[in-house]
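Asker: Before I ask anything, let me first share the structure, which is written out below as structure tokens.
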């Protein structure tokens, strides 16, 4: 459930002409994921056709899951993803500013 939406930002000049002028916004969203996880955070979204907002690359959230972990975790699948966990509580973010995931702007992520 989206609790807050930022002002929509639209490109002045299309970076990719075939896509037209793209628009973005930030949202604060609270979610429940089955079987037993809840999360809340800020997510960057991009506008597709007819008001269809979809996740972009950046996010920052806090989640409570049934997975017990301690310390950092770094993954790379559709981009860098990082988390810091204290038991069942996880702080998650896109790893674009993580030195392990993006050393010297490389796209490989060091898993731990």
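Each value in this text was obtained by applying a stated rule to the coordinates, not by laboratory testing. Quick caveat: nothing in here was measured; it's all calculated off a predicted structure. For neighbour counting, all protein chains shown are included, and Cβ atoms are generated from backbone atoms with ideal geometry for every residue, glycine included.
Asker: Kindly indicate whether any position in the range 25-48 is exposed (fewer than 12 other Cβ atoms within 10 Å of the Cβ) and either touching a residue at least 40 places away in the same chain (Cβ under 8 Å) or over 23 Å from residue 87 (Cβ atoms) (or both).
Answerer: No - not one qualifying residue is present in the range 25-48.
Asker: OK, next. Take residue 54 and decide whether it is at negative phi, surrounded by fewer than 11 Cβ atoms within 10 Å (Cβ to Cβ) and in contact with a strand residue (DSSP E or B) (Cβ under 8 Å, 6 or more places away or on another chain).
Answerer: Criteria met by residue 54.
Asker: I want to confirm something. Restricting to the range 71-89 and keeping residues that are loosely packed, with under 12 Cβ neighbours inside 10 Å and out of contact with any strand residue (DSSP E or B) (no Cβ under 6 Å at 6 or more places or on another chain), which single residue is farthest from residue 27 (Cα to Cα)?
Answerer: 71
Asker: Can you spot a residue in the range 66-77 that is assigned to a loop (DSSP other than H, G, I, E, B) and under 23 Å from residue 99 (Cα atoms)?
Answerer: Yes: one or more hits.
Asker: Within the set of pairs 6 or more residues apart or between chains, which connect a residue that is free of Cβ contacts under 8 Å to residues at least 60 places away in the same chain and on the phi > 0 side of the Ramachandran plot inside the range 57-86 to a residue that is part of a strand (DSSP E or B) and buried (at least 16 other Cβ atoms within 10 Å of the Cβ) with Cβ atoms less than 9 Å apart?
Answerer: So the pair list comes out as 71/85; 79/94.
Asker: If you don't mind, there's one more thing I want to ask. What about residue 13, is it assigned to a loop (DSSP other than H, G, I, E, B) and out of contact with any strand residue (DSSP E or B) (no Cβ under 9 Å at 6 or more places or on another chain)? If you could, list the steps in order and put the result at the bottom.
Answerer: Values: assigned to a loop (DSSP other than H, G, I, E, B): yes; out of contact with any strand residue (DSSP E or B) (no Cβ under 9 Å at 6 or more places or on another chain): yes.
When the stated conditions are applied, residue 13 passes them.
Asker: Out of all the residues in the range 57-70, which are loosely packed, with under 15 Cβ neighbours inside 10 Å and farther than 28 Å from residue 7 by Cβ?
Answerer: 64, 66, 67, 68, 70
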